[in-house]
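Novice: I'd like to ask some things about the structure below.
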Amino acid sequence: MTFFNFFSTLLIAASLTLSFSTPSEGKSKDPEHYTNQEWKNDPDFIPDLQYPAPDSQAAEERYKEMVDSLDPKGNIILDVLKEEKDEISWTSVKNKTAEVLGYFRAFDAYISFEEGKFKKAELLVSVNSIDSAVPGRDHRIRNLFFKSMQPEMGTGVLVLDKVADGSPYISAIQNGASHKIIAEGLFTLGAVTVPVTAELVVMWDQENEILSVQTLKPISLLVSDLQLDGNFPALMKECNHKSMGNRVKIACKLRFE
């Protein structure tokens, strides 16, 4: 059967893709910003622009192995396009107010169906593909914060496997129209797994038979929930930042066919 023949079912499944948040969206016992206890008041300080790239070959090979081992089950499988228009971006805050925008350039994803019903959505992200347009900064983040040269820290895994209560089915959606969907699942990085909720907007392009999925709004993840806040001191010291924000905002714009 063709993608077009299963359009109604596929739109339901698209609700279960690629932006994520956690219960920490609300209040948390952890601080909103972590302070650098070794900050130096030096207006002429410039972080090392030539900071060396960590050796992440083993982690990148592990990411590729995980992508190759993806084995979606179901009689309909949709794969992410991974073209220029498809992106996963992040925004963090340093020094209380300065926003830093970046992207993860390498990722893979699918949505699967079984007998016309959603089964599973899975997204793999290569942490070592982080790109903030400043290579030295990216190398510091990889080395000091994520420690993503370690194979177990080099890949983030998002699995969504159910539609939240109250999320409507959207089989009646018209070509070019959009619909809000909420889905739930788990996000894992290293040995830490956190529950996630995805608040998404999906759109169907009938002419090209492409399903677009994007975040309705940027979603906040707490660094402390991922147990990475202990890596802040080394990163802040190297960059001489006064503080680093605990929240990271994630946004996604992805297409499937």
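The values are calculated or read from the model by the stated rules, or taken from the named source; none is laboratory data. Note that this is a predicted model, so its numbers are computed, not measured. Methodologically, a virtual Cβ is constructed for each residue, glycine included, from the backbone with ideal geometry; neighbour enumeration extends over all protein chains shown.
Novice: Of the residues that make up the range 70-85, is at least one in a helix (DSSP H, G or I), free of Cβ contacts under 8 Å to residues at least 24 places away in the same chain and out of contact with any helix residue (DSSP H, G or I) (no Cβ under 6 Å at 6 or more places or on another chain)? Explain how you work it out, then say what you get.
Specialist: Within the range 70-85, the first condition is being in a helix (DSSP H, G or I), and the residues that meet it are none.
Looking for residues that are in a helix (DSSP H, G or I), free of Cβ contacts under 8 Å to residues at least 24 places away in the same chain and out of contact with any helix residue (DSSP H, G or I) (no Cβ under 6 Å at 6 or more places or on another chain), one finds none in the range 70-85, hence no.
Novice: Which condition does Phe104 not pass, out of (1) surrounded by 20 or more Cβ atoms within 10 Å (Cβ to Cβ); (2) hydrophobic (A, V, I, L, M, F, W, C); (3) more than 19 Å from Gly185 (Cα to Cα); (4) touching a strand residue (DSSP E or B) at 6+ places or on another chain (Cβ under 6 Å), if it passes all the others?
Specialist: Result: Phe104 fails condition (1) only.
Novice: Anything in the range 209-230 that is in a loop (DSSP other than H, G, I, E, B) and modelled with pLDDT under 90? List them, or say none. Talk me through it step by step, then tell me what you get.
Specialist: So in the range 209-230, the residues in a loop (DSSP other than H, G, I, E, B) come out as 209, 216-218, 223-228.
Listed by number, the residues that qualify are Glu209, Leu216, Lys217, Pro218.
Novice: Could you tell me whether Ser112 is at pLDDT 95 or above, surrounded by 16 or more Cβ atoms within 10 Å (Cβ to Cβ) and either at positive phi or among the polar types (S, T, N, Q) (or both)? Can you show your working first?
Specialist: Numbers: at pLDDT 95 or above: no; surrounded by 16 or more Cβ atoms within 10 Å (Cβ to Cβ): yes; either at positive phi or among the polar types (S, T, N, Q) (or both): yes.
Answer is no for this residue.
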